[in-house]
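So the structure is just underneath, and the comments pick up after that.
The values are calculated or read from the model by the stated rules, or taken from the named source; none is laboratory data. Every value quoted in this text rests on a predicted model; they were computed, and no experiment measured them. When we count neighbours, we look across all protein chains shown, and the Cβ atoms used for this are built from the backbone with ideal geometry, even at glycine. Calculation scope for accessible area: heavy atoms of the full protein, side chains included, ligands and nucleic acids excluded. Shrake-Rupley method; radii C 1.70, N 1.55, O 1.52, S 1.80 Å.
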Amino acid sequence: HDGCPVACLGDAAFAYVNVFKSHVSVGFFQGASLPDPAHLLQGSGKFMRHVKLKPGTAANDAALSRLIHTAYADVKARVENG
């Protein structure tokens with residue numbers, strides 16, 4: 001997957017991690033369709049969204065965990081239902 005750490009269900013990628021000098025991004029390939037009541041997701045693309053994690057800034061671990069679990073459930077349903 002282009003040399004980036006990617007979370008997959010089989011061959012279907014649903015999330016990725018990118019490390020930058022000032023932050024880490026946890027991204028979701030179908031992030032635009034994920035519910036995000038904590039408003040963590042950033043980006044304006046048609047499909048992809050990401051969460052920026054910055055040193056010294058508290059992360060909303062529970063909300064990020066929900067996004068990860070929801071993205072996994074979404075890709076699982078897409079794979080199982082074609």
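Take every Cα pair under 8 Å whose residues are at least 6 apart in sequence, average their separation, divide by the length of the chain, and the relative contact order is 26 percent.
Per the Cα gyration tensor, the chain maps to an equivalent ellipsoid with semi-axes of 21, 15, 11 Å, ordered largest to smallest. If the chain linking Asn18 and Ala59 were pulled fully straight, counting 0.36 nm for each residue of separation and taking away their Cα-Cα distance, it would gain 13.1 nm.
Using a simple spin-label model with pseudo-atoms 7 Å out from Cα toward Cβ, Val79 and Cys8 lie 1.0 nm apart.
Across the stretch 44-50, computed HN-Hα scalar couplings (Karplus, 6.51 cos²θ - 1.76 cosθ + 1.60, θ = phi - 60°) run 9, x, 5, 10, 7, 9, 9 Hz from first to last residue, x flagging Gly and Pro. Note that the chain presents 67 Å² accessible area per residue, ligands and nucleic acids not counted, probe 1.4 Å. Ranked by solvent-accessible area (1.4 Å probe, protein heavy atoms only, all chains present), the residues His69, His39 order from largest to smallest as His39, His69. What is the sum of charges, Lys and Arg at +1 and Asp and Glu at -1, for the other residues whose Cβ falls under 12 Å from the Cβ of Leu41? Counting the neighbours of Leu41, the net charge comes to +2.
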